Amino acid sequence: MLRADAEKQVRAVERTCRGLNLLREDYRREMFAKLEKVAHSTITCTLSGDWRTPYHELRQTVLEALFTPEGATRHGAPRQYETIGEAWSDVAVLLDMRAGCGADFNDIICAHPFDGQQREYRCPRCGQTGPFTSPYFELTEQ
Amino acid sequence: MSISAAELITYGSLSRPQDDVSASGGAVDLQNRPVFTQLLANSTLAYVSSAADTRQVTVTGRDTTGAPQSETITLNGVTVVSGAKVFERILTAQVAATGATQTVTIGGSGVGNLGQIPPKETGFFCMFINSASDPSVQKLRYEKVFWLNSDPTLTLTSAVAQLAADPSSKIQVGISASKNDSLSVANRFAVPGGISFVGVGVNQSVPTNQLEAAAVIGVWILQTLNAGDAPLKSTFTLQLAGSSI
């Protein structure tokens with residue numbers, strides 16, 4: 001495959017930078033670890049013949065445990081979840097809130113060899129850093 | 001009615017290796033999902049169905065010493081069946097045959113719903129089973145899942161996939177070059193050709209920016225274990241977002 005054709009295949013999928021995380025990395029790790037313990041400790045319902053086992057106020061409870069200063073009161077309607085996984089995903093996404101950027105990440109991919117190797121990148125627009133892995137193509141010379 | 005979040009479903013691929021020599025990837029397996037909640041503490045399991053049901057359920061996992069073990073029980077309809085073996089973690093859960101209407105729920109003692117097997121499906125599973133780090137070299141492993149737009153008529157437009165959360169920073173994801181693909185690799189060390197992998201900071205659009213009704217898009221998952229990495233039991237979260245009428 002020619003390099004130009006490989007690059008065309010890469011760019012056939014739009015990839016954009018999501019921007020910097022709004023929370024510090026060490027804080028997020030601490031919250032994820034806390035989330036696991038809180039999520040399970042608040043589940044009190046038991047299996048029954050009705051498979052739609054509700055997890056009342058799980059999100060409210062988890063958010064209160066994670067983010068409410070001691071002595072404060074949160075307001076708002078709780079959301080019911082049917083599975084722990086659903087609740088986990090919802091809160092996990094909250095912990096990965098990002099500022100937004102939109103820079104074309106394919107420019108970063110195409111600036112490197114298509115050798116399947118892992119690399120670190122820095123977004124030229126927002127400064128976010130992280131790992132990525134170049135695609136592997138068996139290229140031929142033009 | 002618009003596409004609901006519940007209609008965007010993650011499924012596994014047909015080749016789901018539990019070793020480093022078997023094939024990985026392939027086409028979608030619409031009977032198995034990579035979604036459940038892992039045990040946080042050693043526990044026996046409890047099994048129940050949503051209706052009359054006498055199918056057998058087999059759960060594989062590890063005992064408290066870390067050794068592999070499995071347990072097979074026979075469902076008793078809506079009456080909870082208690083398992084006898086203590087699990088440190090669950091790896092797979094399979095029913096012997098699909099049910100037309102019944103949903104099987106598996107829970108941990110006092111924990112509740114760990115995972116469910118819906119009608120017409122046969123199980124759920126953990127990814128990267130038996131994936132060990134090496135004392136001296138980095139190990140990269142590739143497995144594959146799919147997103148299905150299960151809405152019968154509507155197209156998910158502006159469809160974007162992302163790795164929404166990766167607490168252990170071990171995962172990158174790469175979207176397949178085409179929808180409904182069946183690309184596989186010889187084993188999970190083999191690099192799937194032409195796939196770019198990114199972490200939590202990058203959105204990837206579904207090819208043609210939309211996912212049609214009943215279409216699937218493959219997502220390769222790259223797990224990186226560095227030399228000498230300690231044992232790890234963690235999760236990651238994929239997200240598919242878009243718009244519909």
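The figures follow:
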| item | result |
| --- | --- |
| Residues located in segment B:27-37, provided they are open to solvent by less than 40 Å² (accessible area, probe 1.4 Å) and either at positive phi or within 9 Å of another protein chain (Cβ to nearest Cβ) (or both) | B:T37 |
| Output for segment B:117-139, where each listed residue is open to solvent by less than 40 Å² (accessible area, probe 1.4 Å) and part of a strand (DSSP E or B) | B:I117, B:G123, B:F124, B:F125 |
| Considering residues of segment A:2-30 that are at pLDDT below 90 and open to solvent by 50 Å² or more (accessible area, probe 1.4 Å) only, the residue nearest to the other protein chains (Cβ to nearest Cβ) | A:R29 |
| Search result, residues across segment B:196-215 that are among the aliphatic types (A, V, I, L, M), within 7 Å of chain A (Cβ to nearest Cβ) and open to solvent by less than 10 Å² (accessible area, probe 1.4 Å) | B:V198, B:V202 |
| Selection from segment B:200-218 of residues that are part of a loop (DSSP other than H, G, I, E, B), modelled with pLDDT of 95 or more and within 20 Å of the chain's Cα centre (by Cα) | B:V206, B:A214, B:A215 |
| Check on B:T98, in a strand (DSSP E or B) and open to solvent by 10 Å² or more (accessible area, probe 1.4 Å) | no |
| Residue ID - modelled with the highest pLDDT, chosen from residues in segment A:73-120 that are among the small types (G, A, S) and in contact with a helix residue (DSSP H, G or I) (Cβ under 8 Å, 6 or more places away or on another chain) | A:A92 |
| Tally, over segment B:140-177, of residues that are small (G, A, S), modelled with pLDDT under 95 and assigned to a loop (DSSP other than H, G, I, E, B) | 2 |
| Count of segment B:25-48 residues which are in contact with a Leu (Cβ under 9 Å, 6 or more places away or on another chain), more than 27 Å from B:T64 (Cβ to Cβ) and not small (G, A, S) | 3 |
| Matching residues, segment A:107-129, being surrounded by fewer than 18 Cβ atoms within 10 Å (Cβ to Cβ) and either of a type in the set (A, V, I, L, M) or under 21 Å from B:L240 (Cα atoms) (or both) | A:A111 |
| Residue ID - nearest to the other protein chains (Cβ to nearest Cβ), chosen from residues in segment B:61-84 that are in contact with an Asp or Glu (Cβ under 9 Å, 6 or more places away or on another chain) and closer than 19 Å to B:N113 by Cβ | B:V78 |
| Check on B:Q223, open to solvent by 10 Å² or more (accessible area, probe 1.4 Å) and either touching a helix residue (DSSP H, G or I) at 6+ places or on another chain (Cβ under 9 Å) or farther than 27 Å from A:L22 by Cβ (or both) | no |
| Residue check, B:L40 open to solvent by 30 Å² or more (accessible area, probe 1.4 Å) and either out of contact with any strand residue (DSSP E or B) (no Cβ under 9 Å at 6 or more places or on another chain) or under 30 Å from B:Q239 (Cβ atoms) (or both) | yes |
| Members of segment B:216-229 found to be closer than 19 Å to B:Q172 by Cα and more than 13 Å from every other protein chain (Cβ to nearest Cβ), listed by number | B:A227, B:D229 |
| Evaluation of B:S182 against (1) touching a residue at least 24 places away in the same chain (Cβ under 8 Å); (2) within 30 Å of B:A230 (Cα to Cα) (one fails), failing number | (2) |
| Yes/no for B:D19 being loosely packed, with under 14 Cβ neighbours inside 10 Å, out of contact with any helix residue (DSSP H, G or I) (no Cβ under 8 Å at 6 or more places or on another chain) and charged (D, E, K, R) | yes |
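The values are calculated or read from the model by the stated rules, or taken from the named source; none is laboratory data. If you're wondering where the values come from, they're calculated on a predicted model, not measured in any experiment. Note that we place each Cβ from the backbone using ideal geometry, even for glycine, and neighbour counts take in every protein chain shown. Remember, those area values only see protein heavy atoms, side chains included, never the ligands or the DNA or RNA. Shrake-Rupley method; radii C 1.70, N 1.55, O 1.52, S 1.80 Å.
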